[in-house]
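Since the structure comes first, as structure tokens, the remarks are kept for the end.
The values are calculated or read from the model by the stated rules, or taken from the named source; none is laboratory data. Since the structure is predicted, the reported quantities are computational estimates derived from the model, not experimental observations. Here Cβ is always computed from backbone atoms with ideal geometry, including for glycine, and neighbour counts include all displayed protein chains.
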Amino acid sequence: MVTPKLLLFTAALLSLAAVSTPLKPCPNCGSTPVPYPLSTSPTCGDQSYRIRCDTGTGNTTKQPQLLFDTVNDSYPITSISGPTQRLVISPSPLLPNACVAEDFPHQGLQLNSSLPFNVTSANTIVYLNCSDSLLRSPLNCSSSSLCHSYLNSTGGACLNAPLCCTFRAGGSSTSYMIRVRSSGCSAYTSFVNLDQGLPVARWPEPGVEIQWVSPREPVCAAQSDCDDRSTCGPDPVTSGAERRCFCNGVLVWDPIVGLCAENTTCHDPDGCEDSNRTALIAGLTSGVGGTLVAAAVAAFLYKRHRRIKEAQERLTREREEILNANGTGRAAKVFTGKEIKRATNNFDKDRLLGSGGYGEVYKGFLNDGSAVAIKCAKLGNSKGTDQILNEVRILCQVNHRCLVRLLGCCVELEQPILVYEFIENGTLSDHLRGLITTAKPRHLSWEDRLRIAHDTAEGLAYLHFSAVPPIYHRDVKSSNILLDEKMNAKVSDFGLSRLAHVDLSHVSTCAQGTLGYLDPEYYRNYQLTDKSDVYSFGVVLLELLTSQKAIDFTRESDDVNLAVYVQRMVAEERLLEVVDPVLKDGVSDLERDTMKAIGFLAVGCLEERRQNRPSMKEVAEEIEYIMSIAKAKVVEN
């Protein structure tokens, strides 16, 4: 006869067998644990999460010490929390008898943006020895800034420095640096989770909190690199370029402890608390030995389930913090996952409007019947996730008739989702190419094109001059300009946008955008300014004038690039030859003059040196003047 104790013991063994052996963790560095996925050697942890255990003679503490390596420097790690996926490093000290950070030659703390680490929003940064240009920045450099309390309490070489500022840093997965330089600030320090109401004497030790992204399944070369609960297979995210140990069957990857485990989601409609209590009572009645085993299993499963739930809640909370960072604009409405699935008919492919490099766009219908455009990142595309979160944060700060309006977002599902107003008349690119499939496609008249150019210029000028801090679009092109039923233009797709703080004259980043529209200077030195958008808009003006593509390999080899082609025709005084023949048919001399004026304005936007290009505000004013000439001609007739 099978006893209850034997059944319970067998069930406990099966439960323990439901998880695979975790990946090999790294040994302690001295007395400091090294939680997964951090790695101190090639034989443990995840190699994308490398830190260093320094036991060499250069270590002045005489004890093994963990170090965090950045692009050009190393910083001591003072604490690590595996469950919260965060570590704290000591910021760079000051040079002797100077208010200059030791990492000043390397422009401060600069993380490697290709690695899964970023600066968190828990850091309060105190910038020291700053230039007057910071007075126009979003940093708090006023007399009430917290930095003055810090300096008055600590003294030192920085007490007599000209200016100090305070800033709440980080908060998104694209926060990689705390920058110091001669034209900004020369030194800094940082405090984690600082209570600004405390006196300086009770502040925590200086530190910079850094978080890491949840690791994916481990990379493998063969099945022997995986355990019996996972299979070595091609990674669809990298199109098979890498292979990873993917969990078998119903097992799921637990990134907190680095193992494949059962998904223990409760399916009891009355909740699991009572059933857990019943199981515990049954175990107690089965004997002391069975009770201990059952308790150990229950504790393990509960802790693992809690870790996964906490990780999901933390991810949702961090995304919501990113969405409403700074709190300067209107907050986005947060839609539930059920609302999004209902609106798209569970992401029905018949609702798919299009797909780009960073995600898909669906047409959806809200509960009130209104149509919306729903954009979601591709699964597994972490860069697309970052792009979409950044897009929400930016669009929440702007409100202009020439910019596509953001209605809200959803952060419950596996990837974040945006909900936009639905612009039903297609893109400017489709209209210029004759790709509109409506029953009565409308040809864009010269008056339409001038209005579209002016609307677009006003939208971009608003981003550059009215948004605080200024916003650079970075991907201005005709397919990112939408037209409503009255042929009014709205600028869309901020997926490649970045905020540019006003203490910076440019934003340095890897080149992104679309071939044919990118500023040539951006290619050379990776410096992004408002004039980069001006260059791209110049190409859009040429598209409006010629109805030709920015890049077209059916043109002569020297004329593939539309900007180069038109610039050559202008130099040869043949500008009107490139104007769309439909526009030139039956027009007056005055209208030809306005076409020439737009052509010359476009060429001005395409100046090689960005200092010679007009601002978007000047461009908008010039187009408005050209439109007034065209309207005067209509009134005269």
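Does Ser532 count as of a type in the set (Gly, Ala, Ser), in a helix (DSSP H, G or I), out of contact with any Gly (no Cβ under 8 Å at 6 or more places or on another chain) and crowded, with 21+ Cβ neighbours inside 10 Å? Reasoning before the result, please.
Details: of a type in the set (Gly, Ala, Ser): yes; in a helix (DSSP H, G or I): yes; out of contact with any Gly (no Cβ under 8 Å at 6 or more places or on another chain): yes; crowded, with 21+ Cβ neighbours inside 10 Å: yes.
It is true that Ser532 is of a type in the set (Gly, Ala, Ser), in a helix (DSSP H, G or I), out of contact with any Gly (no Cβ under 8 Å at 6 or more places or on another chain) and crowded, with 21+ Cβ neighbours inside 10 Å.
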Exercise. Just a yes or no: is a residue in the stretch 48-56 assigned to a loop (DSSP other than H, G, I, E, B), at pLDDT 90 or above and β-branched (Val, Ile, Thr)?
Worked result: yes
Problem set entry | the stretch 488-528, residues that are at pLDDT 70 or above, assigned to a loop (DSSP other than H, G, I, E, B) and either out of contact with any Lys or Arg (no Cβ under 8 Å at 6 or more places or on another chain) or within 15 Å of Ala467 (Cβ to Cβ) (or both) | Ser492, Asp493, Leu515, Leu518
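Hey, can you tell me all the residues within the stretch 533-548 that are of a type outside the set (Ser, Thr, Tyr) and within 11 Å of Arg449 (Cβ to Cβ)? Give the derivation first.
Filtering the stretch 533-548 down to residues of a type outside the set (Ser, Thr, Tyr) leaves 533-534, 537-545, 548.
Across the stretch 533-548, the qualifying residues are Val540, Leu541, Glu543, Leu544, Leu545.
Out of the residues in the stretch 583-595 that are free of Cβ contacts under 8 Å to residues at least 12 places away in the same chain and part of a loop (DSSP other than H, G, I, E, B), which is nearest to Val564 (Cα to Cα)? Steps first, please.
Of all residues in the stretch 583-595, those free of Cβ contacts under 8 Å to residues at least 12 places away in the same chain come to 584-586, 589.
Next cut, part of a loop (DSSP other than H, G, I, E, B) only: 585-586.
Details: Asp585: 25, Gly586: 28 Å.
Only one residue fits best here, namely Asp585.
Output the residues belonging to the stretch 96-155 that are acidic (Asp, Glu) and under 14 Å from Val180 (Cβ atoms). Walk me through it before giving the result.
Just the residues of the stretch 96-155 that are acidic (Asp, Glu), to begin with: 102-103, 132.
Listed by number, the residues that qualify are Glu102, Asp103.
Among the residues of the stretch 160-183, are any in the same structural domain as Cys99 (by TED's automatic domain parsing) and more than 30 Å from Ala467 (Cα to Cα)? Lay out the reasoning, then the answer.
Quick first cut of the stretch 160-183, residues in the same structural domain as Cys99 (by TED's automatic domain parsing) only: 160-183.
Remaining after also requiring more than 30 Å from Ala467 (Cα to Cα): 160-161.
Checked against the condition, which is being in the same structural domain as Cys99 (by TED's automatic domain parsing) and more than 30 Å from Ala467 (Cα to Cα), the stretch 160-183 yields at least one hit.
Could you list, in sequence order, all residues of the stretch 204-258 that are under 30 Å from Pro76 (Cα atoms) and over 27 Å from the mean Cα position of the chain (by Cα)?
As a first pass, look at the stretch 204-258 and keep what is under 30 Å from Pro76 (Cα atoms): 204-219, 254-258.
The answer is Pro204, Glu205, Pro206.
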Exercise. Between a first residue in the stretch 24-42 that is over 22 Å from Asp254 (Cα atoms) and a second residue that is of a type in the set (S, T, N, Q), which pairs have beta carbons less than 6 Å apart while being 6 or more apart in sequence or on different chains?
Worked result: Gly30/Gln63
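Answer yes or no as to whether Leu135 is under 28 Å from the mean Cα position of the chain (by Cα), more than 19 Å from Thr70 (Cβ to Cβ) and not in a loop (DSSP other than H, G, I, E, B). Reasoning before the result, please.
Numbers: under 28 Å from the mean Cα position of the chain (by Cα): yes; more than 19 Å from Thr70 (Cβ to Cβ): yes; not in a loop (DSSP other than H, G, I, E, B): yes.
For Leu135, the condition - under 28 Å from the mean Cα position of the chain (by Cα), more than 19 Å from Thr70 (Cβ to Cβ) and not in a loop (DSSP other than H, G, I, E, B) - is met.
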For this session: Identify the residue in the stretch 558-582 that is farther than 17 Å from Ile598 by Cα and part of a helix (DSSP H, G or I) and, among all such residues, is modelled with the lowest pLDDT.
Result: Asp558
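With respect to Arg555, determine if the residue is farther than 20 Å from Thr456 by Cβ, free of Cβ contacts under 8 Å to residues at least 12 places away in the same chain and in a loop (DSSP other than H, G, I, E, B). So that I can check it myself, show each step before the final result.
Numbers: farther than 20 Å from Thr456 by Cβ: yes; free of Cβ contacts under 8 Å to residues at least 12 places away in the same chain: yes; in a loop (DSSP other than H, G, I, E, B): yes.
Yes; evaluated as a whole, the condition is true for this residue.
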Seminar exercise, completed: Log entry, pairs with first residue in the stretch 105-133 being closer than 15 Å to Tyr75 by Cα and assigned by TED's automatic domain parsing to the domain that holds Leu194, second being modelled with pLDDT of 85 or more and of a type in the set (Lys, Arg), beta carbons closer than 7 Å, six or more apart or on different chains, reads Gln107/Arg179; Gln107/Arg181; Gly108/Arg179
Problem set entry | Within the stretch 428-461, considering residues that are modelled with pLDDT of 90 or more and of a type in the set (Ser, Thr, Tyr), the one nearest to Val361 (Cα to Cα) | Ser429
Problem set entry | Boolean, Asp254 is out of contact with any Leu (no Cβ under 8 Å at 6 or more places or on another chain), among the charged types (D, E, K, R) and touching a residue at least 40 places away in the same chain (Cβ under 8 Å) | yes
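A quick yes/no check of all residues on (1) surrounded by fewer than 21 Cβ atoms within 10 Å (Cβ to Cβ); (2) at pLDDT below 85; (3) over 17 Å from the mean Cα position of the chain (by Cα); (4) not in a strand (DSSP E or B):
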site	(1), (2), (3), (4)
Tyr362	no, no, yes, no
Asn390	no, yes, no, yes
Arg393	no, yes, no, yes
Arg401	yes, no, yes, yes
